[in-house]
Every structure is written in C-alpha cells, then in structure tokens.
Amino acid sequence: MTTINIIGAGRVGATFLRLLGQLDGVQIGAVASGSLANAQAAVAAGGAGRAVELTDASPADIWLITVPDDCISDIAAQITAPPAIAVHCSGFKSSDALNSLADKGWKTASCHPVRSFADPDAAANAFAGTYCAIEGTAAAEVSDLIRRIGGVPFDLLPEKKAIYHAAAVFSNNFTTVIQQIALDAWREAGVDPDTAKSLCASLLTATAENVALLGPQQALTGPAARGDMQVLTEQQAALAAWEPRYAKLYEDFSAMARSLKATGSL
C-alpha cells in the first residue's frame, strides 16, 4: 500500500485527492492546508484522507505539495518526516524548490498538469489525457503515478522551467486576452455582443483544429499570411486612432505572422 500525504487543499490538491483516492493500492494519509477547516472541507468533499495540521502529519511514501509557488520551499523546510518522495505541482519552479528535503536524502520532483483546475470535480472527471510536465530525481515514480490516473507524463529541462511555463501562458492565458481584444473591436465596429461571442467561439475553434492538424505555419491565414500590405497598413492606422495599445500589438503580431508564413519561424 502506497501512502500519499497532500499538503495544500486548494483546487489542485482537492483534484488529486479525488483522483489518487480512487486508485487500488493507494491510501490518502494526511491532508493539510493553510487552515484546518480547508483541509477538513477537502477531505469531506474528496472522501479520503485525514485532515491535520502540517506538524501532525504522519510519515508517507509520497508527499504531494500543492501550495502556491512562493510557499513551496517554506513548506518543504517544515517537513521533518523520514526521507520519502516529495513532489510539487508548480509550472514555474523546478524540483530545486525542494532542495531542503533533497539534502536530507529525499527523492524530489515537480509535476505540472497542463490543464485548468477551476473546479476539482470537473478537473478530476476530465483528467484522462492531461499532459503533465515532470522532472527531478523521482520523475520515474511520479510518471508512473500520473499514468495510473490517466495522465500523460512528458520530460522537460528543469533549468528551462520558466520558459516552459511562459509557453503555457502564451498558449492559454494570452489567447484568452486576445479574445477580449477581438470582442472590444467587434463592439467598436457595431457588432452586437451575442454575435461577437459567437464569432470568437467559431473562429477560435476552427483555428485550434487547423493548428492541431496542420501546424502554425500552414494554418495561418489573413492579410499578413497573404502579404496584403495595404490592408495591414490601413487596419493598423484605424486601430491606432481607436486604441493605440491594440495597434502596437497588431503591428508586432503582423510582422511575426509574415515571418512565420514565409520561413516557418518568428
């Protein structure tokens, strides 16, 4: 029986509690959080584990640390249990954040699931197929555990973790920001809000499908891809007169789009 302690009972920790608690041969041990009440709520909702203060956590085979990035090293330094495996879920910090444990003989790793955890129940139900970036001395053990809950582990360079996470920001968060820019522009052009939302959804879905099928270079369309410089110039001027911030983004993205279409790189 593998015992897993979960330190951090927020959305990520609560999701893993649900997933890991269903595995044969796995027992959720201690569940600790910023407050005992949070840990108790996570245990009640997930149906596994024992809510405790961190200082009262019993030894375990694996310690899953799902706290905010800035707290990882501090939490690791407070763990006084015998050496085991410790893994955190930051997309930004490498397993080096757990060096205080590694120095005591622990095996360590970072495991970043590339998905949204807005709702633990929904995230657990949809976790199958989720890609998880894993590195560290315990990468093999953590990868095996991720496969057992339906995830897809992949390797990355720990010293490039910040750039890896920036890639996720570009792919996800900035795409969302760009959708708001499009909605603002359609509103300025007199398009009603419901139609504008439908346009965003339709174009975003088609674009995602084309990029997945063809890759960015072949999927790219629009005036920059066609080399229609008059359209680019006049659109940028119109944007500059309305919202200069958007005009600057349009200029930069258009230049990168032209390069991507012509050379395959930005």
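Nothing in this text is a laboratory measurement; each read-out follows from the coordinates by a stated rule. Given the structure is predicted, the values throughout are model-derived calculations rather than measurements. Note: ideal-geometry Cβ built from the backbone for every residue, glycine included; neighbour counts use all protein chains shown.
Along the positive direction of the dipole of the chain (beta-carbon charges: Lys, Arg +1; Asp, Glu -1; about the Cα centre), which of Trp186, Gln78, Ser265 reaches farthest?
The residue sitting most towards the positive pole is Ser265.
Is the shape of the stretch 2-156 best called rounded, prolate or oblate, per the rule: a/c under 1.5 gives rounded, else a/b larger than b/c gives prolate, else oblate, with a ≥ b ≥ c the square roots of the Cα gyration tensor eigenvalues? Intermediate values should be presented prior to the final figure.
Working: a/c = 1.41, a/b = 1.04, b/c = 1.36.
Here the stretch 2-156 falls in the rounded category.
Classify the stretch 199-266 as rounded, prolate or oblate, taking a ≥ b ≥ c as the square roots of the eigenvalues of its Cα gyration tensor: rounded when a/c is under 1.5, otherwise prolate if a/b is larger than b/c and oblate if not. Don't skip to the end; give the middle numbers.
On the way: a/c = 2.29, a/b = 1.44, b/c = 1.59.
Because a/c hits 1.5 or more and a/b fails to exceed b/c, the stretch 199-266 counts as oblate.
In the stretch 108-163, what trypsin sites (Lys or Arg not before Pro) fall in a loop by DSSP, with at most 12 other Cβ atoms inside 10 Å?
Within the stretch 108-163, no trypsin sites (Lys or Arg not before Pro) qualify (loop, at most 12 other Cβ atoms within 10 Å).
So what's the back-of-envelope 222 nm ellipticity for the chain, counting only DSSP H runs of four-plus at -39500 (n - 2.57) apiece and dividing by all residues, rounded to 500?
Mean residue ellipticity at 222 nm (helix-derived): -15000 deg cm²/dmol.
Explain nothing, just the number: relative contact order of the stretch 115-266, from Cα pairs under 8 Å at least 6 residues apart, as a whole percent.
Once normalised by length, the contact order is 12 percent.
Straight-line reach from Lys93: which aspartates and glutamates fall under 15 Å, measuring Cα to Cα and dropping same-chain residues less than 8 apart?
Straight-line reach from Lys93, under 15 Å: Asp69, Asp70, Asp74, Glu135, Asp155, Glu159.
Only counting other Cβ atoms within 10 Å, I'd like Thr108, Thr80 sorted with the fewest neighbours first.
Fewest-to-most Cβ neighbours within 10 Å comes out as Thr80, Thr108.
If you project the alpha carbons of the stretch 91-205 onto their three principal axes, what span does each projection cover, largest first, in Å?
Principal extents (largest minus smallest coordinate, Cα): 64, 28, 20 Å.
Give me a comma-separated list of calculated 3J(HN,Hα) values for the stretch 49-56, in order, Karplus coefficients 6.51, -1.76, 1.60 applied at θ = phi - 60°, integers in Hz, x for any Gly or Pro.
Listing the rounded values in order: x, 9, 6, 9, 6, 4, 5, 9 Hz.
Name the trypsin sites (Lys or Arg not before Pro) in the stretch 3-107 that are in a loop by DSSP and that have at most 15 other C-beta atoms within 10 Å, would you?
Qualifying residues, ordered by number: Lys104.
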